[in-house]
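Participant: Below is one structure. I have some questions about it.
We did not get these values from a lab; they are worked out from the coordinates using the rules stated. Treat the numbers as computed from the prediction; the structure is a model and nothing was measured. Positions of Cβ are backbone-derived with ideal geometry, glycine not excepted, and every protein chain shown enters the neighbour counts.
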Amino acid sequence: MNSSLFLAIANVTAAHAWNPTVGIIISGCSFLALLLTFRVSKPMVGTKMPLFPISITTFIGAMCFGHILGIGVVLGLYNILGKI
């Protein structure tokens, strides 16, 4: 088992360094996900946010989805362009 694990680790490409562009892309995707929460059928279920017309659980879910979406966009752009 250890040998197959080492082979899997050996085939992983090196991650690129973080830069402000990556942060901007992930922030934009998180904002897009937050805008999509207004299309949810029941966004007001749970404790309400003080500044937004959505619940805390909806906000946390939107931020999680935005980060996942942003990581996918960053990795996709990095694979297509070779740099960001």
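Participant: Cβ-Cβ below 7 Å, separation at least six or inter-chain, first residue in the stretch 56-84 and under 17 Å from Ser27 (Cα atoms) and touching a residue at least 24 places away in the same chain (Cβ under 8 Å), second in a helix (DSSP H, G or I) and among the basic types (Lys, Arg): which pairs?
Facilitator: Nothing qualifies.
Participant: How about the stretch 21-35: which of its residues are surrounded by fewer than 18 Cβ atoms within 10 Å (Cβ to Cβ) and in contact (Cβ under 8 Å) with a residue 60 or more places away in the chain?
Facilitator: Thr21
Participant: Provide a single number: the residues in the stretch 21-52 that are among the charged types (D, E, K, R) and in contact with a helix residue (DSSP H, G or I) (Cβ under 8 Å, 6 or more places away or on another chain).
Facilitator: 1
Participant: Quick check on the stretch 36-84: of everything there that is hydrophobic (A, V, I, L, M, F, W, C) and outside any helix (DSSP H, G or I), which residue is surrounded by the fewest Cβ atoms within 10 Å (Cβ to Cβ)?
Facilitator: Top of the filtered list is Leu51.
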